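Scroll down for the structure; my scribbles are underneath it.
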Amino acid sequence: MANQARETRVFSGIQPSGGLTLGNYLGALKRFVALQDSGTESIYCIVDLHAITVWQEPSELRLATRQAAAGFIAAGIDPDRSILFNQSQVHSHAELAWLFNCVARMGWLGRMTQFKDKAGKNRENASVGLFAYPALMAADILVYHATHVPVGEDQKQHLELTREIAGKFNHDYGVDFFPIIEPVIEGAATRIMSLRDGKVKMSKSDRSDMSRINLTDDADAIAKKIRRARTDAQPLPGTLDGLDGRPEARNLINIYAALDEREPQGVAAEFAGRLFSEFKPRLADLAVAKLEPVTSEMNRLMEDQAEIDRILGDGAGKAAELAEPILADAYDIAGMIRSRR
Ligand code: AMP
Ligand code: TRP
């Protein structure tokens with residue numbers, strides 16, 4: 001089966017480790033919604049098995065999983081049109097990950113920058129799961145024979161590894177079974193940076209809460225964080241070239257463009273020559289106007305957790321139906337006897 005002949009199928013995942021950020025919203029959720037609304041078959045997963053590669057308090061993991069589900073739905077994912085579920089309810093992910101642990105090479109995984117960043121200096125003490133994580137991520141995608149994966153820039157290396165794993169599996173077993181996926185990394189928001197340092201990405205795990213906008217922040221918190229965001233003393237330039245070497249200014253322009261669904265060039269041109277003291281209140285107003293409806297819908301959904309769990313369970317049922325026959329074929333290809341009735 002040639003890759004071109006495959007139906008387009010989108011898969012993506014978000015970790016339930018802490019709350020969702022503006023980076024997740026602009027870099028991932030908003031784009032997931034656009035793909036869903038374009039009529040593409042889409043599968044979205046809250047990857048709880050990935051989250052526990054670093055310690056998660058069980059009660060907090062449960063809360064973060066439900067909050068992520070509420071975030072997906074509040075952002076516009078419709079569980080009747082897309083499949084939305086949490087990873088651990090579909091056992092095929094972990095099983096295919098085992099096969100892939102035996103395909104991926106130590107050297108490949110050792111090169112992953114996310115592992116190096118997260119393990120830090122004390123690598124001996126990192127979990128085995130943190131090291132093996134990209135094989136599970138490849139399994140998440142390939143167990144559905146997904147073809148397209150929308151993510152932020154930080155996941156690019158993991159998607160290249162997914163292609164390598166699929167290629168080696170196909171080659172070693174002499175099959176054309178797993179598709180060679182296409183990363184979908186596009187738009188102004190593929191890398192939203194910290195509000196405190198324009199050179200590091202906005203992240204749920206940053207120690208400073210002032211570095212990020214959380215999807216649970218209220219209007220006052222959003223405005224305050226933008227007002228205090230680090231900037232330089234120059235007025236804004238009229239062109240993107242003028243933002244070279246000014247990562248904080250570039251980031252705020254990008255955030256404005258992504259929130260307003262415009263090109264960053266247009267935003268730069270509009271604010272040419274203005275000071276941050278003028279630009280920041282405009283950005284704060286825009287952020288509040290765009291995020292407030294999402295936040296209030298999330299809060300409303302969180303009042304009925306049984307309903308969230310029901311949606312995740314239904315989604316998992318639909319996902320399992322797609323994944324199980326593909327896992328069975330993969331086991332068969334690898335020479336596993338499949339005789340249980
Ligand atoms: P994570 O929160 O690490 O599970 O990321 C979930 C999704 O959000 C992935 O597609 C990430 O690439 C994307 N993402 C996370 N942080 C950012 C950011 N600061 N800018 C853009 N995309 C992001
Ligand atoms: N590793 C991704 C992250 O940290 C989350 C993820 C897990 C994912 N499995 C995936 C993203 C499969 C896309 C496809 O952001």
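The values are calculated or read from the model by the stated rules, or taken from the named source; none is laboratory data. Quantities reported herein were computed from a predicted structural model and do not represent experimental measurements. Because the Cβ atoms are built from the backbone with ideal geometry, glycine has one as well, and the counts that use them run over all protein chains shown. In case anyone asks, the SASA skips ligands and DNA or RNA and just uses the protein heavy atoms, side chains included. Shrake-Rupley method; radii C 1.70, N 1.55, O 1.52, S 1.80 Å.
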Expected output for region 91-107 (first residue of a type in the set (V, I, T), partner surrounded by fewer than 21 Cβ atoms within 10 Å (Cβ to Cβ), Cβ below 8 Å, 6+ apart or cross-chain) is V103/K168; V103/D172
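When you check S59 against the structure, is it of a type in the set (S, T, Y) and closer than 24 Å to S208 by Cα, yes or no?
yes
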Among (1) modelled with pLDDT under 95; (2) within 16 Å of ligand 1 (Cβ to nearest atom); (3) at negative phi, the one test that G187 misses: (3)
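Which ones in region 196-214 are of a type in the set (A, V, I, L, M, F, W, C) and in contact (Cβ under 8 Å) with a residue 40 or more places away in the chain?
Listed by number, the residues that qualify are M202, I213.
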When you check D140 against the structure, is it buried (at least 22 other Cβ atoms within 10 Å of the Cβ) and either under 14 Å from the mean Cα position of the chain (by Cα) or over 29 Å from M193 (Cα atoms) (or both), yes or no? yes
On the basis of being open to solvent by less than 30 Å² (accessible area, probe 1.4 Å), closer than 29 Å to E60 by Cα, hydroxyl-bearing (S, T, Y) and within 16 Å of ligand 2 (Cβ to nearest atom), does S203 make the cut? yes
State all residues of region 32-81 that are within 14 Å of ligand 1 (Cβ to nearest atom) and polar (S, T, N, Q); if no residue qualifies, say none. S42, T53, Q56, T65, Q67
Taking the residues in region 164-182 that are within 16 Å of ligand 2 (Cβ to nearest atom) and surrounded by fewer than 18 Cβ atoms within 10 Å (Cβ to Cβ) as candidates, determine which candidate is farthest from P264 (Cα to Cα). E164
Evaluate region 237-260: report whether one residue or more is open to solvent by less than 80 Å² (accessible area, probe 1.4 Å), over 22 Å from K199 (Cα atoms) and without any contact (Cβ under 8 Å) to a residue 12 or more places away in the chain. no
Looking only at residues in region 15-28 that are touching a Leu at 6+ places or on another chain (Cβ under 7 Å) and over 16 Å from R191 (Cβ atoms), which one is modelled with the lowest pLDDT? G19
